[in-house]
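The values are calculated or read from the model by the stated rules, or taken from the named source; none is laboratory data. Quantities reported herein were computed from a predicted structural model and do not represent experimental measurements. We place every Cβ from the backbone using ideal geometry, glycine too, and count neighbours over all the protein chains shown. Quick note on the areas: whole protein, heavy atoms, side chains included, nothing else; ligands and nucleic acids left out. Shrake-Rupley method; radii C 1.70, N 1.55, O 1.52, S 1.80 Å.
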Amino acid sequence: MAAGDGLGPVLRAVTERVQQAAARRPQVQELLEKASDSRILSSCPDIKWHFIGHLQKTNVNKLMAVPNLFMLETVDSVKLADRVNSSWHKKGSPQRLKVMVQVNTSGEDSKHGLPPGDTTAAVEHIINKCPSLEFVGLMTIGSVGHDLSKGPNPDFQVLLSLRKEVCEKLSLPIEKVELSMGMSTDFQHAIEVGSTNVRIGSTIFGERDYSTKAGSEGKTETLTVQGQ
């Protein structure tokens, strides 16, 4: 998500920082540095940062320190929700942190997220046991390269069904539960089937170079920008 009138200077500044940091920084540290960049803060002081991707528990406190952190879209376990809730509470923010629950709708081992069957219980836990968090929706990555000639992406359909199930079982208004699905390669289809949030990275910033990153963590922690 990178949208908003007058965001051009911010996008240029972020693009420069991506190019400078992507090859050498873990993603949480990279986001912390970008969010603290004086050019970004001065050009768009009300910028809202979303964090997307697998978040390791050891990086929770560092992520909570990001200025203008608005949403964590990938809570993929109850334990992570508890850790984030505790860290955000200690930060003393007057606002609850918006969170989404990530679901592994494709069942791929390479994807993070809860099994679909655990989704409702996780959402209920966040609502009832995590007072510093605000549940706002569900997120999935889904399989890449689905052939639309065979019909809608089944992984997106699973998330749609899960939203209905969660809302029915927990008595939530369906219009209040967002769906984050769709990236640069499939965001148009995602919007067509009901996505409310799309995550467009490479189309705006170009492909990222992971060749010098150590380990796999850097390949799964990414970020998105929302401007007002």
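Just a few scattered comments:
- Filter pass, His50 being touching a strand residue (DSSP E or B) at 6+ places or on another chain (Cβ under 8 Å) and more than 20 Å from Val166 (Cα to Cα): yes
- All strands (runs of 3 or more DSSP E) inside region 1-117 with 3 or more residues being touching a Lys or Arg at 6+ places or on another chain (Cβ under 7 Å), at pLDDT below 80 and acidic (Asp, Glu): none
- Some residue of region 31-53 being open to solvent by 40 Å² or more (accessible area, probe 1.4 Å) and at positive phi: no
- Pro116 being surrounded by 13 or more Cβ atoms within 10 Å (Cβ to Cβ) and over 17 Å from the mean Cα position of the chain (by Cα): yes
- Among the residues here, Pro131 does not qualify as under 12 Å from Val166 (Cβ atoms), over 16 Å from the mean Cα position of the chain (by Cα), modelled with pLDDT of 95 or more and open to solvent by 30 Å² or more (accessible area, probe 1.4 Å).
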